[in-house]
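Beneath this line is the structure, given in structure tokens, with notes to follow.
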Amino acid sequence: MVKLKIYLSPSDQLSNPYSFGGTNEATQCRRIAAACKAALERCGFEVKTSFADGENAMYDRVRESNAWGADLHLCIHTNAGGGRGCVVFVSSKSAERMKYAQPVFDEIDAITPYRSVYGIREKQFYEIRNTNCVCVYCECEFHDSPLLAQWIVEHTDDIGEALCRGVCRAAGRKYIEKGSEDMERWNKLEDIPSGYREMAQRYVDAGALRGKGDGALDLTEDMLRTMEIMRRYFEGEE
């Protein structure tokens, strides 16, 4: 499977202060981008980002994204102006752009303290206009409210994971929960250790375990153990 290329462009606005924690937009958006990068790579995407600052940072990122041949350019910002909730910007609401913008917005909106009244809007920011690929520009929440700024600071990992879930939905990829990537997964009966193979065979023979469309069982030890515990409970075994 070809890896989609995702370029993450976190805010470089060190001079944009938060109303909580003595921090700023660039610092927190870098944290979000770092969490999002880890999540996207865990889910099978190829990812690049830059934490460069200065007045040329935005222009350098666009050049780097275009030269790399990114499939999606994802801008990560937090907002100001007295509102609450997220807003996502695109150059137009074409099907190609909404394919990414809608699930990204939905996933962020689902975790923020207040549901957004802004939704997805058209805007012609520099990065949106000048990237060769689809650009989705996220304002994740407002940082000029002390309560919301605190929420951002305390939930940068959650925001990064939500962005990843949105991209996964758009790309038709399975979102892999943080930590679950370390579990060994068994796709064929012969892959399963002998101590569990007979147990799995029983479920296959009974038609309770059919696997996916390609026949992959996609089992873990915990899944099999849970199935066996439930079987014994309902069948009244000691």
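The values are calculated or read from the model by the stated rules, or taken from the named source; none is laboratory data. Keep in mind that this is a model prediction, so the values were computed, not measured. All Cβ positions, glycine included, derive from the backbone under ideal geometry; neighbour counts span all protein chains shown. Heads up: the accessible areas ignore ligands, DNA and RNA and are worked out on the full protein's heavy atoms, side chains in. Shrake-Rupley method; radii C 1.70, N 1.55, O 1.52, S 1.80 Å.
For this structure, a couple of remarks:
- Summing Cβ point charges (Lys, Arg +1; Asp, Glu -1) relative to the Cα centre of the chain gives a dipole of roughly 800 debye.
- Value of relative contact order over region 65-206, rounded to a whole percent, pairs C-alpha under 8 Å and six or more apart: 30 percent
- Nearest-0.05 FRET efficiency for Asn130 and Phe51, computed from C-beta distance (R0 25 Å): 0.80
- Listed residue pairs exceeding 24 Å between alpha carbons, taken from Lys99/Lys174; Lys99/Lys188; Lys48/Lys174; Lys93/Lys178: Lys99/Lys188; Lys93/Lys178
- The chain: most fluctuating residue of Ile128, Ile111, Ile192 per GNM, C-alpha cutoff 10 Å: Ile192
- With every protein chain in place, the chain: carbon and sulfur % of accessible area (1.4 Å): 48 percent
- Phi-derived couplings, Karplus 6.51 cos²θ - 1.76 cosθ + 1.60 at θ = phi - 60°, listed residue by residue for region 58-69: 4, 5, 5, 5, 4, 4, 5, 4, 5, 5, 6, x Hz, with x used for Gly and Pro.
- Computed from the C-beta positions of Ala208 and Ala38 and an R0 of 25 Å, the FRET efficiency is 0.10 to the nearest 0.05.
- A convex hull fitted to the Cα coordinates of the chain yields 166 cubic angstrom per residue.
- Helix axis angle, 221-235 relative to the chain longest principal axis, alpha carbon, degrees: 50 degrees
- Whole-Hz couplings from phi, Karplus 6.51/-1.76/1.60, listed for region 5-14; x for Gly and Pro: 9, 10, 9, 9, 10, x, 3, 9, 8, 5
- Under the convention that each Lys and Arg Cβ holds +1 and each Asp and Glu Cβ holds -1, the size of the dipole of region 148-207 around its Cα centre is about 320 debye.
- The chain: antiparallel DSSP beta bridges as a percent of all, rounded to 5: 20 percent
- Backbone amide hydrogens, once placed in the peptide plane, bring Tyr18 within less than 5 Å of Thr23, Asn24, Glu25, excluding anything fewer than 5 places away on its chain.
- By definition, a body whose alpha carbon gyration tensor gives a ≥ b ≥ c is rounded when a/c is under 1.5, and region 1-138 falls into this rounded group.
- With all protein chains modelled, accessible area of Lys3 [1.4 Å, Å²]: 120 Å²
- Ordering Trp68, Pro146, Tyr203 by Cα displacement along the dipole of the chain toward the positive end leaves Trp68 in first place; charges were set at the Cβ atoms of Lys, Arg (+1) and Asp, Glu (-1).
- Here region 73-128 is treated with +1 on each Lys and Arg Cβ and -1 on each Asp and Glu Cβ, and its dipole about the Cα centre works out to around 140 debye.
- Region 133-191, accessible area per residue, ligands and nucleic acids excluded (1.4 Å, Å²): 46 Å²
- Spacing of the two label points (7 Å from each Cα toward its C-beta) at Thr226 and Asp158, in nm: 2.2 nm
- Efficiency of FRET from Cβ geometry, Glu235 and Lys123, R₀ 45 Å, rounded to 0.05: 0.15
- Relative contact order for the chain: 22 percent, from Cα pairs under 8 Å spaced at least 6 residues apart, divided by residue count.
- Most fluctuating residue given options Glu228, Glu177, Glu25, as computed from a GNM of the chain linking Cα atoms under 10 Å: Glu228
- If you run the Gaussian network model on the chain, springs between alpha carbon atoms under 10 Å, then out of Arg42, Arg63, Arg185 the most flexible one is Arg185.
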